[in-house]
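K.L.:
Input: one structure, supplied below.
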Amino acid sequence: MKFWNHWELRYRVATLFGLVACLVMAGLGFYLYASVRQAMEMRADYTLIGRVQHFRNLFHDLYDIKQMEERPGLFESMLGNEQDVRIFKRVGDAPFIQVNPGKLTPPAIPAVPVGTALNIDALRTGQADNGVRVRWVTALAMLGTNKDTIEITAAYVMTQESKVLSTYLYRVMAAVALTALLTTALAFIILSRGLRPIKLMHDKAAEITPAKLSMRFEMTDAPPELRSLTLAFDAMLDRLEKGYAHLNQFSADLAHEVRTPVNIMMGQSQVVLCQARSAAEYEQVLESNVEELSRLARIIENILFLANADQETVVADRVEIDVVAELEKIAEYFEPLAEERQMHFEVTAHGSIFANLIMWRRAVNNLVLNAIRYGKSGTTIQLISGQNDSAAVISVINRCEASQAPDTDRMFDRFYRGDTSRSAYTESNGLGLSIVRAIMHLHHGAASVTYLAEANTICFKLQFPGTALK
């Protein structure tokens, strides 16, 4: 089995194809052999019956045994085959004519009565010393004038038929072997040509590296089965290239985000260590370092959450949430921060929703914080709950600056910032909306954003499928 596992596919299939052809050809050949053998045996049986019946008719026309004894050669040649057996005798007496070249022993079989016609059921099968098949029959005949009863015992030795069948069997076996060899060789040639596109796929796949993810198979002239496979591989490479580029960008952004607070702490610490400082100065530097460390902690926490969400290791246990109460709490919590930009909240909600409470709060908090960060000063932030045909919807709507059109296609990307000039205002790290999308993925829902340029309005929607506002 190990040896078989190391064979190439073309060798395996060609061998199996040759084996199947060998089995089919062997089955057909031996079926034909059995049919020919059956036909020849039946022909021999009817020949034996016909000639014995001819003997019975001949005895019926004779006047006495002397006529037979005077012409023994005539009777000895009636069966044709020199190996055949002819024994004639009166019932209870010794044979008066006996032709038995092979010295075969007649089996004890009942004789067919005078008035009964011969048929195949009256025959019995025996075997000569050399293994040749022998068919025996015994019949009674009435002598013409004397009304004496003659017992005729005859046998047909299938010597010639046996030689013909042996020759035919050897030819069948030779044909089977030749067919298996030719089929295996032709199958190998055809498979070698048919599997050539796979060899081309192998060569192209060997050229694909992280630096060459843009390569594609593009085998339009391949068979339909392989063409669908190459299309699937090309689609997989598209996803891999996109994911690899996203990972590179994510790594670069992460390095940038971590480098900034680390550089700030290192710079401040080096400046302080250049000369002796007062306790107040040391305390101020330590407070600044604590703030930067808190920022690093938030970045690490968010990245860990996104990593777990990507692997779906977080289970979103759902409970019934009072939407009205929760949205009012969120509006009250962010009211001081909104007032710093002369913004206020408008809550339009009703009923309840089924979701994970902690994750739901985090998603809505991130949307509200994003609205405060990028919304136009002096405007209203709307918190709305609604229901469509298949999901409960939470909407966060705010107005934007007229000079800034948000890039809605990238807003849920990690480390994306719509306005870096105000990111420091809320200590943004560019992961808030990415976390929102991850939370909705864990709820099997969707997060979307729509921008209305004529009203400078942006609307974020959270859709929770399979749940209903009551």
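K.L.:
Out of the strands (runs of 3 or more DSSP E) lying entirely within segment 68-173, which hold 2 or more residues that are within 30 Å of Leu23 (Cα to Cα) and modelled with pLDDT under 85?
P.N.:
Details: elements: 85-90, 95-99, 124-127, 133-142, 149-157.
Filter on segment 68-173 gives an empty set.
K.L.:
Taking Arg171, is it under 32 Å from the mean Cα position of the chain (by Cα) and loosely packed, with under 13 Cβ neighbours inside 10 Å?
P.N.:
Details: under 32 Å from the mean Cα position of the chain (by Cα): no; loosely packed, with under 13 Cβ neighbours inside 10 Å: yes.
Here the answer is no, as Arg171 does not meet what is asked.
K.L.:
To continue, here is another question. Mind telling me which of the residues Pro261, Pro223 ends up being modelled with pLDDT under 80 and loosely packed, with under 12 Cβ neighbours inside 10 Å?
P.N.:
Pro223
K.L.:
Hey, another quick one. What residue, of Val285, Val290, Val271, is without any contact (Cβ under 8 Å) to a residue 24 or more places away in the chain, of a type in the set (A, V, I, L, M) and surrounded by 13 or more Cβ atoms within 10 Å (Cβ to Cβ)? Spell out the reasoning first.
P.N.:
On the way: Val290 fails: surrounded by 13 or more Cβ atoms within 10 Å (Cβ to Cβ); Val271 fails: surrounded by 13 or more Cβ atoms within 10 Å (Cβ to Cβ).
Selected residue: Val285, the only one of Val285, Val290, Val271 that is without any contact (Cβ under 8 Å) to a residue 24 or more places away in the chain, of a type in the set (A, V, I, L, M) and surrounded by 13 or more Cβ atoms within 10 Å (Cβ to Cβ).
K.L.:
Which condition breaks for Leu469 when tested against (1) modelled with pLDDT under 80; (2) surrounded by fewer than 18 Cβ atoms within 10 Å (Cβ to Cβ); (3) closer than 27 Å to His344 by Cβ; (4) touching a strand residue (DSSP E or B) at 6+ places or on another chain (Cβ under 6 Å)?
P.N.:
(2)
K.L.:
While we're looking at this one, here's another question. Using beta carbons and a limit of 9 Å, which pairs, at least six apart or on different chains, have the first residue in segment 203-214 and hydrophobic (A, V, I, L, M, F, W, C) and the second one surrounded by 10 or more Cβ atoms within 10 Å (Cβ to Cβ) and assigned to a helix (DSSP H, G or I)?
P.N.:
Ala205/Phe233; Ile208/Leu237; Leu213/Leu237; Leu213/Leu240; Leu213/Glu241; Leu213/Tyr244; Leu213/Ala245
K.L.:
Then there is this: Considering each residue of segment 199-209, count those that are in a helix (DSSP H, G or I) and surrounded by fewer than 14 Cβ atoms within 10 Å (Cβ to Cβ), and give that number. Break it down stepwise before answering.
P.N.:
Taking segment 199-209 first, the residues in a helix (DSSP H, G or I) are 199-207.
Now narrow it down to the ones that are surrounded by fewer than 14 Cβ atoms within 10 Å (Cβ to Cβ): 199, 202-203, 205-207.
Looking only at that region, the number is 6.
K.L.:
Is it the case that segment 403-416 has a residue that's buried (at least 18 other Cβ atoms within 10 Å of the Cβ), within 49 Å of the chain's Cα centre (by Cα) and modelled with pLDDT of 80 or more?
P.N.:
no
K.L.:
Mind checking which residues of segment 335-354 are in a helix (DSSP H, G or I) and either at positive phi or out of contact with any helix residue (DSSP H, G or I) (no Cβ under 7 Å at 6 or more places or on another chain) (or both)? Explain how you work it out, then say what you get.
P.N.:
Keep residues of segment 335-354 that are in a helix (DSSP H, G or I), which gives 335-339.
The answer is Glu335, Pro336, Glu339.
The values are calculated or read from the model by the stated rules, or taken from the named source; none is laboratory data. What you see is a predicted model; the values in this text were computed from it and never measured. Please note: Cβ atoms are built from the backbone with ideal geometry, for glycine as well, and neighbour counts cover all protein chains shown.
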